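Engineer: Would you mind keeping the following structure in view while I ask a few things?
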Amino acid sequence: MVTATLTIANKNYGSWSLRGWLLCKLAGLAFEERTVGSDDPSTRAELLLLSPSFLVPCLTHDGIKVWDTLAIAEYLNEILPAAGLLPEERAARAHCRSISGEMHSGFTNLRSALPMNLKAHHPGFKVWAGAQADIDRILSIWRECLAAHKGPFLFGAKPCMADVMFAPVVTRFLTYDVKLDSDCAAYARTIMQLPPVREWVAAAEAEPDEVVELDVEF
């Protein structure tokens, strides 16, 4: 019996919604999906980075409402610990939480300059300096984790919370033709080949909705 509902935004543009949805999928939680249209004022504000807080995705489970992606991740880890959303070893768990938090609260230049748009592709896209600094930091995080935990995911053989937090970034790098070294490119392919990511991308490609402000010609 399904006791959970996940409220999400548009799949083509909704980076936070992708994170919440992936967390639920990787945790093995049975849930019903509810989509709030991009014409909803609060959802549109979030997609356009005009809102100070993010109210989607929102998970409702057994009468408990949880929003904010990190809160959803911690909640799912509490109720479904066997899913491994956080690494088993304490130091790895601390590192996972740290880089997930950094992604959650930082990289604003990247978000503004390279908005998530799964249907788009911009070969030879010119990345300005502020966004490039964010890209360099993200790639440094990936390299450090892959070297320490031997891949193919950031903390070893299974995807965890950190991989979910960076999954929309992988899509941005592909959309805007960001150049990656061999290790980071292999990691990006690993993320894009995850069955739930492929499912999300297919659904995004089938969506009729468009947010004109995010479909400008670069």
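Engineer: Which of the residues spanning segment 100-137 are among the polar types (S, T, N, Q), surrounded by fewer than 18 Cβ atoms within 10 Å (Cβ to Cβ) and farther than 22 Å from L70 by Cβ?
Structural biologist: The one that is among the polar types (S, T, N, Q), surrounded by fewer than 18 Cβ atoms within 10 Å (Cβ to Cβ) and farther than 22 Å from L70 by Cβ: Q132.
Engineer: Identify, from the list T171, T175, the residue that is in contact with a helix residue (DSSP H, G or I) (Cβ under 9 Å, 6 or more places away or on another chain), outside the structural domain of G28 (by TED's automatic domain parsing) and hydroxyl-bearing (S, T, Y).
Structural biologist: One residue alone meets the criteria, T171.
Engineer: Based on what the data block shows, is R97 at pLDDT 95 or above, surrounded by fewer than 19 Cβ atoms within 10 Å (Cβ to Cβ) and not hydroxyl-bearing (S, T, Y)?
Structural biologist: Considered against the rule, which asks whether it is at pLDDT 95 or above, surrounded by fewer than 19 Cβ atoms within 10 Å (Cβ to Cβ) and not hydroxyl-bearing (S, T, Y), R97 comes out as yes.
Engineer: Given the condition of a type in the set (A, V, I, L, M, F, W, C) and either closer than 17 Å to W16 by Cα or within 13 Å of the chain's Cα centre (by Cα) (or both), answer yes or no: does some residue in segment 206-215 qualify?
Structural biologist: Checking segment 206-215: at least one residue is of a type in the set (A, V, I, L, M, F, W, C) and either closer than 17 Å to W16 by Cα or within 13 Å of the chain's Cα centre (by Cα) (or both).
Engineer: Shifting gears a bit: Tell me yes or no: at least one residue of segment 52-61 is β-branched (V, I, T), modelled with pLDDT under 95 and under 15 Å from the mean Cα position of the chain (by Cα).
Structural biologist: Checked against the condition, which is being β-branched (V, I, T), modelled with pLDDT under 95 and under 15 Å from the mean Cα position of the chain (by Cα), segment 52-61 yields at least one hit.
The values are calculated or read from the model by the stated rules, or taken from the named source; none is laboratory data. Computed from a predicted structure; not experimentally measured. In this analysis, Cβ positions are derived from the backbone assuming ideal geometry, glycine residues included, and neighbour counts consider all displayed protein chains.
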